[in-house]
Structures are given as structure tokens and as C-alpha cells.
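No lab work stands behind these numbers, since they all come straight from the coordinates. In this text, all values refer to a predicted model and were calculated from it rather than measured experimentally. Glycine gets a Cβ as well: all are built from the backbone with ideal geometry, and neighbour counts include every protein chain shown.
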Ligand code: GMT
């Protein structure tokens, strides 16, 4: 099968999922063409079956904003024709689903019937997409995709609640490539580079946007470290970086926190981790939590959005109401207080993550492709 994948190439979860999917399909012998403005950060697998087509937007003094959708839809048409693609799989509705609709219409005029699969990821529906500025176009692009998928049941419900959708929506959960999470041996994971022997290591990974409530991470860690000697690893960059650093200074815990910036090797960083914090306002799925669990790390999260589909209360971690940092700290202390409890939660986290293995989830995407291209896969 020849498939075009359109995504954001940066550190967001939607780009990660799209890239992992493309690499997995290429490993199975399909021809995958990434169409985006930069090489995706997680694209670490080189093969003759993976291609990258850069969408370039020319600067022009008249443009206050670069017309990216225009350049993207033109590039989609060019790549579909040049490489005889059968499917365009677009991740994140804005502006990808809209650009794909335009490409589909342009291709129709040339006698080509390209199929468009749209995968909704979360903020494209819950935060940005449903804003009155975008709602009409997002609703239109969803209704005019050949197939629509969401990454959780919760996001499907949100999509149906926020938009007037005339299409069936299929839920395909996010997945993990366990080959990237091998059994970690202590010599490969030198914890003492980061923390003392008696300290636990707590991790948070995100784009540090307001929706992640990264200040709550600092508040939870502040309470935990009063009872349990620990260090906090903060991975990611974003607008709240400065304010959380200031809060950590105010609370006198800055020397217990390591700010590691963006990383495309979170699997390696997570090998150190005893507990993962994800106190988000909302999370359609919480890929970061799943990545933590794949690295045997229990999760303290909120109970919003799709998080209960990933993190199981009292088994793989705990879920609390948004903003209830006391409860989250109390639960974190419960998990970390003795080795036996921690090892049980670590074991459970890994077992739950296995349900979301690539082997389990990939067939659902192939089924979707088969619905629109009968002789595929
Ligand atoms: O805003 C973000 O958190 C990034 C966003 C993205 O597009 O990368 O993440 C969303 O998609 C991920 C992959 O499907 C999900 O795991 C995240 O839960 C979702 N984020 C939100 O819903 C806030």
C-alpha cells in the first residue's frame, strides 16, 4: 500500500503516534510518505520505504500569516500524483483534515479518487477545534473525510458532543512499540547519575502548556518530597517553563529538580523513573502516561478525558480530580513508601501497557485502510 501521512513533526503526541504508525507500516513493507514542514522528530528508522516531503511556505511581504494549508494541500496533490498514493492519513484536524479535503477535490478534477482518513487527537477537538473561529471548518472536514478515528472513547464522546457529526467514528487507541522499551538492566540505567541511593525518581513529560497544569506537578512533588526523599525529572519545553521554575524556587525545591528540555529518547529517560505525574486539565488519551507505563512506571493523573482508559485506579496508579494536588501527593506517597508496593504497581503498569502494544493496535488501522482500499494490506 502507498500511504501519505500528514502530521505535526514536533514533540506533541499526535506527531509521535503518526510517526510510529508510519515506521511500523514501513517495516511491514508499505510505502510511507510523510508530508509536513519538517522531518518528524521521532523518525529514527531509515528505509527505502519511508519518504519525507517538506512543505515549504515562501515568505512574502503581503502575508501576515503564512498560508500553510495552501502549500500543504498543493504538496499533497503533487505527492499523491507522483507516487500514486492510495490513502492520505491526516493526524490532528487543524489544518490537516481541511487541507486534505481541498487536495481530494483537486485530485478529483484530475480523475484521482484519493481516500482520506482523519485521526482526531484531542486538542484539535476539545480546546482549539471547537472554538467558534474554527468550528465550522473542523466539522466540515470531519464530515467529509472517508473515515474518522479518535484515540479514545472519551474523545469520540467529546467529538459527538461538540460537533454535528454525520459519520461513524472508530476508536483506535494509541499504541507503544515495545521494541523501544527493552528489559532495562541496571548497568544501562545508572540511577545514581541522577539521585542518591535512598531517593525515588519522579518524572513529568509534557509540552508545558497550561492544559498540562505543570504547576500542579511542582505542588505535588513539593508535598511528596517532604515525606519521601526524591528528585523530579522535568522533560519538555513550553510556555509554562519559567513560571514553574519560579514556583520551585519559591518553595525551596529547585535543587531537587532536573529540567531536561525536549527529548526524543523518553524511553531511555523513563528507565530511571519510579512515578509519573500527569495532572492535566484534560487529556484525550495521555500518550505520555502510556509511555511511562511501558517503562514500568506507575502514574498519578487526573481522571479527566481518556485518562481512565489508560491508567487504572489503584492498579497502575491513581486518578484524582483536576487540581486536587493533596490527593495526588497522598497517592504518590502511598505508591513510593515501600519497595513491595512500588514493585507491585510497576508490574501492573507494564502489564496494562502491553494491552496497547503495536501488535494489538496496528491491525485496527489496517482494517480502516482495507475499508477504503479493498486490495490493501
Ligand atoms: O496538546 C497536547 O497535549 C498535544 C497533543 C498533540 O497533538 O500532540 O496531544 C494530544 O494527542 C495525544 C496523542 O493522541 C494524546 O495522547 C494527548 O492526550 C492529546 N492531548 C490532549 O488531549 C491535551
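What the table shows:
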| quantity | calculated |
| --- | --- |
| The range 180-356: C-alpha pair distances exceeding 28 Å, % | 12 percent |
| Semi-axis lengths, Å, the range 149-280, gyration tensor of Cα atoms, sqrt of 5 times eigenvalues | 32, 21, 12 |
| Gain upon complete extension [residue 367, residue 63; 0.36 nm per residue less C-alpha separation] | 105.2 nm |
| For 168, 327, 274, order by how many other beta-carbon atoms lie within 10 Å, fewest first | 168, 327, 274 |
| Estimated inter-spin distance, residue 136 and residue 341, nm [label 7 Å along Cα→Cβ] | 5.5 nm |
| Label-to-label distance, nm, for residues given as residue 167 and residue 227 (7 Å Cα→Cβ offset) | 4.8 nm |
| Hull-based mean projected area of the chain, where the convex hull spans the alpha carbons, in square nanometres | 19.5 nm² |
| Fluctuation leader among 357, 301, 280 - the chain, Gaussian network, Cα springs under 10 angstrom | 357 |
| DSSP-defined beta bridges in the chain - what % are antiparallel, rounded to 5 | 0 percent |
| Inter-label distance for residue 110 and residue 38, nm, one decimal - labels placed 7 Å from Cα along Cα-to-Cβ | 2.8 nm |
| Between helix 153-162 and the chain: long-axis angle, C-alpha atoms, 0 to 90°, nearest 10 | 60 degrees |
| Alpha-carbon centroids, the range 97-164 and the range 51-85: separation in whole Å | 19 Å |
| Ranking of 8, 181, 60, 37 by count of other Cβ atoms within 10 Å, fewest first | 60, 37, 181, 8 |
| Whether the range 30-116 is rounded, prolate or oblate, judged on the alpha carbon gyration tensor where a/c under 1.5 counts as rounded | oblate |
| Gain upon complete extension [residue 56, residue 321; 0.36 nm per residue less C-alpha separation] | 91.1 nm |
| Förster radius 30 Å - calculated FRET efficiency between residue 260 and residue 28, Cβ distance, rounded to 0.05 | 0.35 |
| Sequence of 227, 109, 199 once ranked by neighbouring C-beta atoms within 10 Å, starting from the fewest | 109, 227, 199 |
| Theoretical ellipticity at 222 nm over the chain - DSSP helices of four or more residues, -39500 (n - 2.57) apiece, nearest 500 | -12500 deg cm²/dmol |
